[in-house]
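Just below is one structure, and these are the notes that go with it.
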Amino acid sequence: MMAEQIAERLHARHSGAGWIGRCPAHEDRSPSLSIREGFGGRILLHCFSGCAVEAICAAMEIKISD
């Protein structure tokens, strides 16, 4: 899965070099999830409200290895 696919799935919008969207791991009223592509094709997810990557992936029903 690519960062753009995750962004589309979460209806995120472009922001700088990546996307910003609502985190699926918590009740998110405003976008708090940063989605970017890192080195080697890795996808970087960061919730500014503090959700763990494991919780974000579980809410999206994907594995971290995906």
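The values are calculated or read from the model by the stated rules, or taken from the named source; none is laboratory data. Not measured: the values here are computed from a predicted model. Heads up, the Cβs are rebuilt from the backbone with ideal geometry, glycines too, and the neighbour counts pull from every protein chain shown. What goes into the accessible areas is simple: the full protein's heavy atoms, side chains included, and nothing from ligands, DNA or RNA. Shrake-Rupley method; radii C 1.70, N 1.55, O 1.52, S 1.80 Å.
Annotations for the structure displayed:
- For the range 45-63, the criterion of being in contact with a helix residue (DSSP H, G or I) (Cβ under 7 Å, 6 or more places away or on another chain), open to solvent by 80 Å² or more (accessible area, probe 1.4 Å), over 17 Å from GLU8 (Cα atoms) and in a loop (DSSP other than H, G, I, E, B) is met by at least one residue.
- Tabulated pairs, the range 43-66, first free of Cβ contacts under 8 Å to residues at least 40 places away in the same chain, second assigned to a helix (DSSP H, G or I), C-beta under 7 angstrom, 6+ apart or interchain: LEU45/VAL53; LEU45/ILE56; CYS47/ILE56; LYS63/CYS57; ILE64/VAL53; ILE64/GLU54; ILE64/CYS57
- Residues in the range 11-42 that are basic (Lys, Arg) and either farther than 13 Å from ILE56 by Cβ or surrounded by 19 or more Cβ atoms within 10 Å (Cβ to Cβ) (or both): ARG13, ARG29, ARG36, ARG42.
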